[in-house]
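Nothing in this text is a laboratory measurement; each read-out follows from the coordinates by a stated rule. Every value quoted in this text rests on a predicted model; they were computed, and no experiment measured them. Every residue, glycine as well, gets a Cβ built from its backbone with ideal geometry; the counts of neighbours run over all protein chains shown.
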Ligand code: URA
C-alpha cells in the first residue's frame, strides 16, 4: 500500500497561496509577484514557480504579512480495506484516523461511514454543520459504489433494485444501476471455490447501514467487494489507495451546493 500522508504536498505555489489568502485573483497575484512586491522569509521572490510552506514560511505583500484563512478542513481519503471508520476505537486494530493528518487539521472527522472491508472515497471535515446537512435524510447526496457480486442479475432483479426493495420493512429509494464487466473471484466463504460474478455500479441517495450489501443480498447476489467511487459531486479520480488530499475550493463549493439544494 502507498504511504498515506507522506505523499501529500506540504508546499504550494506562491500565486496559489496568495489567491487562497484572499490577496487577489490568481492572475493578478502573478503580476504582484513579478512586480517584486512579495517577499518570502525576507527575500523578494519574483519567480512564478516558487513554492512556499504555508505553515513555516513568512510571506509578505508590500511589507504586510499574508496568511491562509483558518477555516474548516475538507479532505478526501481513498480508504483501504481493513480500517474501521472511526477516529477513536481502542478495540479496532486499525482506524481511518491513522490515515489522515489529524494534527494538522484539528477537529477532523469522517462524514458517514464505510464498512471496514469497503474501499474508496471517504470524506473528512471539521465542518459539523455541513456534515449534518450531508447526512440528513432529506438532503442525502448521491453516492456511487462499484460492487462485485456473485452471478449475473436478471433484468427483473436489476429492476427491483432500481425501483426500490424492502429492507427491514422500509423501501429503498429509487437507485441507478449499471451492469459492468464480468470477473471470476474466490468465494470469501470457501476460498477453494472460484465464483463467476459481475461488477455493478449502483448509485443511491440514502445511507442506511450496510445498504448496498443488503440490497444485493436481498435479490440473491451477495457482494464480494465494495468500493465507493463518488460522493455527491466528488469523484475519487486517481487518488491512490491509502492517500488523502484536500478538496479544491471548487469541490467544497460544489459539495455545499449539493448539501443545501432542496430535494
Ligand atoms: N453500503 C454498504 O453495504 N457498505 C458500505 O460500506 C457502504 C454502503
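Is the shape of the chain best called rounded, prolate or oblate, per the rule: a/c under 1.5 gives rounded, else a/b larger than b/c gives prolate, else oblate, with a ≥ b ≥ c the square roots of the Cα gyration tensor eigenvalues? Display every interim value, and only then the final one.
Numbers: a/c = 2.58, a/b = 2.18, b/c = 1.18.
Cα axes put the chain in the prolate bin.
Between residue 25 and residue 250, what length in nm is gained on full extension when 0.36 nm per residue of separation is reduced by their alpha carbon distance? Intermediate results must be reported in sequence, preceding the final value.
On the way: separation 225, 0.36 × 225 = 81.00 nm, distance 1.42 nm.
Answer, rounded to one decimal: 79.6 nm.
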Residue 199/residue 86 FRET efficiency (R0 30 Å; Cβ-Cβ; nearest 0.05): 0.60
Percentage relative contact order, the stretch 115-263, counting C-alpha pairs under 8 Å, at least six apart: 35 percent
Candidates 195, 65, 111, ranked by Gaussian network fluctuation over the chain, Cα under 10 Å, top entry: 65
Inter-site label distance for residue 184 and residue 103 at 7 Å from Cα along Cβ, in nm: 4.9 nm
Separation of alpha-carbon centers, the stretch 83-107 and the stretch 31-56, rounded to whole Å: 36 Å
Ranked 244, 199, criterion: other C-beta atoms within 10 Å, fewest first: 199, 244
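What ranking do 243, 29 get, fewest neighbouring Cβ atoms within 10 angstrom at the top? Don't jump to the answer; show the numbers that get you there.
Details: 243 19, 29 24.
Placing the least packed residue first, the sequence is 243, 29.
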Beta bridges per DSSP with both ends in the chain, % antiparallel, nearest 5: 95 percent
Highest-MSF residue in the chain out of 41, 214, 78 [GNM, Cα springs under 10 Å]: 41
Candidates 89, 103, 235: whichever shows maximal mean-square fluctuation once the chain is modelled as a Gaussian network with Cα springs under 10 Å: 103
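Over the stretch 78-137, what relative contact order in percent results from Cα pairs under 8 Å that are six or more residues apart? It would help to have the intermediate numbers written out before the result.
On the way: 81 pairs, mean separation 22.0, N = 60.
Relative contact order comes out at 37 percent.
Do you know the relative contact order of the chain, to the nearest whole percent, from alpha carbon pairs under 8 angstrom that are 6+ apart? Before the final figure, lay out each step's value.
Values: 492 pairs, mean separation 56.3, N = 263.
RCO, the chain: 21 percent.
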Linear extension gain, residue 214 paired with residue 53, 0.36 nm per residue minus alpha-carbon span: 53.3 nm
Between 0 and 90°, nearest 10: helix 249-260 axis offset from the chain longest Cα axis: 50 degrees
